[in-house]
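K.L.:
Take this structure first; my questions come after.
The values are calculated or read from the model by the stated rules, or taken from the named source; none is laboratory data. Fair warning: this is a prediction, and the values are worked out from it, not measured in the lab. As a convention, Cβ positions derive from the backbone with ideal geometry for all residues, glycine included, and neighbour counts pool all protein chains shown. The accessibility values were calculated without ligands, DNA or RNA, using every heavy atom of the protein model including side chains. Shrake-Rupley method; radii C 1.70, N 1.55, O 1.52, S 1.80 Å.
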Amino acid sequence: METLKRLMVEMPETLSEESRNSVNMASEITYAEVKFSNGTVASGVHPGSAAAPRPTTTPHRSNPGFPKFLAASLLAFLLLLAVSLLVAFIIFFQKYSQLLEGKKTLKELNHTALECLKKNVKEKTWSCCPKNWKPFTSSCYLISSDSRSWNESQSYCSAMAAHLLVINSKEEENFIITNLQNNLGYYVGLSDPEGWRRWQWVDETPYDGNVTFWHKGEPNDRNERCVMLNFRYVPNAWGWNDVQCAQRQMSICEMAEIYL
Ligand code: MMA
Ligand code: CA
């Protein structure tokens, strides 16, 4: 996918959350405001002053055919103006509600910066991930730099409005492993809470036995109820292993991209 434009929205840590949010909105809202104010400037000149007085003054002077034409073009002009104002309003309103949605998400997340890009030429909305998260298809991923138990790892993710990685495809797994270190294990959002080998994804995605990447011989122990992704030199591949949930491992958080 081509990256055509790139927007970096930076918000100083020192600002309050409210103002950070509005700073973030400012860069995007500019476009809508500019369009909108052009519209109102034009309308401010005409409907108030020109619309009412002009027809009353002109018909009394000289040629009666000319004012008719003038009135007609004025009417057409006003009509056009009204239509463009309406369109501007609709666009502004749509943009504004989109921004409100983005602002809400940002507030929930507590993130200080977003990196946004347009995924293709015609795209109007920015696809954003928090700074330092990696975008892939419609998700953002964060590779942890600390080890935690599985529960702590999931809490760490949910505090950022994310969850432990849910692997839905080989493509997603392949993308993720390009960002990992061979000598570390990474918790994913898959566990067997009761030890009955009933695997559950943290986001309620149904466990699909056809889309699993277990290492050979895994899962192998009912007391190992949490899943990590790690690399084995034999057979030189990444895969899943069930481990005891209290083990401290690295982890991968995932969240849906934010659209602005
Ligand atoms: C072995 C293997 C795994 C198990 C871990 C526990 C190193 O791998 O038996 O299945 O989960 O040990 O540490
Ligand atoms: Ca195991």
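K.L.:
Whether any residue in segment 198-213 is within 14 Å of ligand 1 (Cβ to nearest atom), touching a residue at least 12 places away in the same chain (Cβ under 8 Å) and either open to solvent by 30 Å² or more (accessible area, probe 1.4 Å) or closer than 25 Å to Asp146 by Cβ (or both) is what I want to check.
P.N.:
no
K.L.:
Condition first: within 19 Å of Gln181 (Cα to Cα) and not in a strand (DSSP E or B). Now tell me which residues in segment 207-233 satisfy that.
P.N.:
Once the filter is applied, which keeps residues that are within 19 Å of Gln181 (Cα to Cα) and not in a strand (DSSP E or B), segment 207-233 yields Phe213, His215, Tyr233.
K.L.:
Moving on to the next point. With the checklist (1) part of a loop (DSSP other than H, G, I, E, B); (2) in contact (Cβ under 8 Å) with a residue 12 or more places away in the chain in hand, flag the one item Ile176 doesn't pass.
P.N.:
Every listed condition holds for Ile176 apart from (1).
K.L.:
Separate question: Name the residues in segment 228-249 that are open to solvent by less than 30 Å² (accessible area, probe 1.4 Å), touching a Gly at 6+ places or on another chain (Cβ under 9 Å) and near ligand 1 (Cβ under 10 Å from one of its atoms), would you?
P.N.:
Hits for segment 228-249 are Met228, Asn230, Asn241, Val243.
K.L.:
Can you pull out the residues in segment 93-122 that are open to solvent by 20 Å² or more (accessible area, probe 1.4 Å), modelled with pLDDT of 75 or more and assigned to a helix (DSSP H, G or I)?
P.N.:
The answer is Phe93, Gln94, Lys95, Tyr96, Ser97, Leu100.
K.L.:
Now for a different question. Please verify whether Ile177 is on the phi < 0 side of the Ramachandran plot, away from ligand 2 (no atom under 16 Å from the Cβ) and open to solvent by less than 30 Å² (accessible area, probe 1.4 Å), treating the condition exactly as stated.
P.N.:
no
K.L.:
What are the residues in segment 234-260 that are without any contact (Cβ under 8 Å) to a residue 60 or more places away in the chain, in a loop (DSSP other than H, G, I, E, B) and more than 10 Å from ligand 2 (Cβ to nearest atom), if any?
P.N.:
Val234, Pro235, Asn236
K.L.:
Examine segment 225-233 for a residue that is without any contact (Cβ under 8 Å) to a residue 60 or more places away in the chain, closer than 17 Å to Glu254 by Cβ, among the hydrophobic types (A, V, I, L, M, F, W, C) and in contact with a His (Cβ under 7 Å, 6 or more places away or on another chain), and state whether such a residue exists.
P.N.:
Within segment 225-233, none of the residues are without any contact (Cβ under 8 Å) to a residue 60 or more places away in the chain, closer than 17 Å to Glu254 by Cβ, among the hydrophobic types (A, V, I, L, M, F, W, C) and in contact with a His (Cβ under 7 Å, 6 or more places away or on another chain).
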